[in-house]
1. Restricting attention to the stretch A:215-235, and to residues there that are among the charged types (D, E, K, R) and away from DNA strand D (no atom under 11 Å from the Cβ), which single residue is surrounded by the fewest Cβ atoms within 10 Å (Cβ to Cβ)?
2. Any chance you could count how many residues in the stretch A:177-214 are within 13 Å of DNA strand D (Cβ to nearest atom), in a strand (DSSP E or B) and either of a type in the set (A, V, I, L, M, F, W, C) or out of contact with any Asp or Glu (no Cβ under 9 Å at 6 or more places or on another chain) (or both)?
3. Against the condition of a type in the set (A, V, I, L, M, F, W, C), more than 14 Å from the chain's Cα centre (by Cα) and within 11 Å of chain A (Cβ to nearest Cβ), how does B:Leu153 come out, does it pass?
4. Check A:Gly159 against each of (1) facing chain B (nearest Cβ under 9 Å); (2) assigned to a helix (DSSP H, G or I) and name the one condition it does not meet.
5. Only residues that are of a type in the set (A, V, I, L, M, F, W, C) and surrounded by 15 or more Cβ atoms within 10 Å (Cβ to Cβ): list them for the stretch A:53-77, please.
6. Given B:Leu73, B:Leu99, which one is within 13 Å of chain A (Cβ to nearest Cβ) and modelled with pLDDT of 80 or more?
2 protein chains.
Amino acid sequence: MKAIEITQAWNGTEKCQQCPIRDLVLFADLKEDDFRLLHLPINDLELDKGSILYEQKDEINFVYTIRSGLVKLVRYLPNGSYRIIRLLRQGDLAGIEALNGSAYLHHAIAMQSTSVCQIPVKNIEQLNSHSSHLYRQLTARWQKVQSEADIWLADLTMGSSRSRVANLLIYLADSRPDESFYLPSREDIGALLAITTETASRIIAEFKRAGALNTLRHTAKIDKIKLRHFQQKGD
Amino acid sequence: MKAIEITQAWNGTEKCQQCPIRDLVLFADLKEDDFRLLHLPINDLELDKGSILYEQKDEINFVYTIRSGLVKLVRYLPNGSYRIIRLLRQGDLAGIEALNGSAYLHHAIAMQSTSVCQIPVKNIEQLNSHSSHLYRQLTARWQKVQSEADIWLADLTMGSSRSRVANLLIYLADSRPDESFYLPSREDIGALLAITTETASRIIAEFKRAGALNTLRHTAKIDKIKLRHFQQKGD
DNA sequence: ATTATTAATTGATAATTATCAATTTACTCA
DNA sequence: TGAGTAAATTGATAATTATCAATTAATAAT
């Protein structure tokens, strides 16, 4: 287990243009001519739960688009504990820092079965120098990272543990078509919100008892109305 | 007071090339030819403490380079409280989200006397379409924002209040030539670290008593050795 | 299916932080 | 300078969360 499997390798030309999440990914705006500029192969990777997409020390030759699944960006602290800095979902870009030639800033680890496109940085650079279409996508993505980090900071680092967990669940459920989502382990919830595993567990259990959260294995659904009662004590 | 004064207006050509913080700012890599592409005037603004550089609702026509001083990016919450999302210092870029045509994401407020360059977004766009020099600076800056946000999240949102305040002071003192820095109000420290004003005050007072922090008005110096004792309880 | 292992839950208690309130200190403006 | 206002500090107490420890539930391996 914890395998990474290359299921396909291709040069963008046809495959990327038929990509079912085309409008979400980096190459959204590219024209047919642009695709001819892709020289290195793009790989399609399937990651098992727990497998590592990249680590901080890794050589940085790729950026990754998440096609499906869930990836956590993790920063390990000197004392051995860790903090989850951000979650990446469908359409998100991992390893964007590679484009500046700086090292990866975190470890990227699949939280569930995940499929990604592995795009060589050289491809991006080539495209960038010959076509301006990619530029908008890249800056837009940088901006998305930034604004999500801000929201994260505002919603998920203040207030009581209870309201932080409620906000996290609402964030996780957000924009899922069927409203069901992957519920992280209590340890990961702790690492996401800077609370202990036990506190995370108590609150999740409390939400379940109140009927605000229903789980089957790691698949969860929330009752937003009931959950809102836990969001803020003051209003 | 709380005035914003336009002290100078110029077209980049000579003025920007002589800028004393040229290597820190957006135009660092530009060549003489590039500057000829700047058509709209760049303004030099002087902000008094407390004055507002921009608000979320503002029309977004400018990005700003901080020449000196300290700016806080503030997000107001529905219940009237606020959270400081990030601090900007010399060389940092404010309002970078304007480049994607999205609204400003925060209020930007001067925490002390601050001077900034106000750069029309149109200038940036013009430069970008005619010269590739700016691209590197922009992506590098985006990346810096991202990596600092990550560090922030890891250092300033976990651990005890005491260690968070210690980390904030170390961050503020960092890279100041004379090691002296502007100490924010206790309320702002609270908004930065998601703790109450009172807790912030108690900890600052404790650091002063221990000789780990010395203040004269809002100018502060830290004793890093002594401060480290407060950083982490566990090591 | 059964055992071994890991994750989740719960309890009791200690430590931390928020809250409410009062006082002292610093700053502003006439 | 001196009164008025805002900011910082401190105290007492309540609420929240961490810590340590035990138990139960879920998952994986044979």
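The values are calculated or read from the model by the stated rules, or taken from the named source; none is laboratory data. Not measured: the values here are computed from a predicted model. Note: ideal-geometry Cβ built from the backbone for every residue, glycine included; neighbour counts use all protein chains shown.
1. Pass one, the stretch A:215-235, residues among the charged types (D, E, K, R): A:217, A:221, A:223-224, A:226, A:228, A:233, A:235.
This time we only want the ones that are away from DNA strand D (no atom under 11 Å from the Cβ), so: A:221, A:223-224, A:226, A:228, A:235.
Details: A:Lys221: 17, A:Asp223: 14, A:Lys224: 14, A:Lys226: 14, A:Arg228: 13, A:Asp235: 6.
Among them, the one singled out is A:Asp235.
2. 1
3. Values: of a type in the set (A, V, I, L, M, F, W, C): yes; more than 14 Å from the chain's Cα centre (by Cα): yes; within 11 Å of chain A (Cβ to nearest Cβ): yes.
So B:Leu153 passes the test.
4. (2)
5. Within the stretch A:53-77, the first condition is being of a type in the set (A, V, I, L, M, F, W, C), and the residues that meet it are A:53, A:60, A:62-63, A:66, A:70-71, A:73-74, A:77.
Within the stretch A:53-77, A:Leu53, A:Ile60, A:Phe62, A:Val63, A:Ile66, A:Leu70, A:Val71, A:Leu73, A:Val74 qualify.
6. Details: B:Leu99 fails: modelled with pLDDT of 80 or more.
Just one listed residue meets the conditions, B:Leu73.
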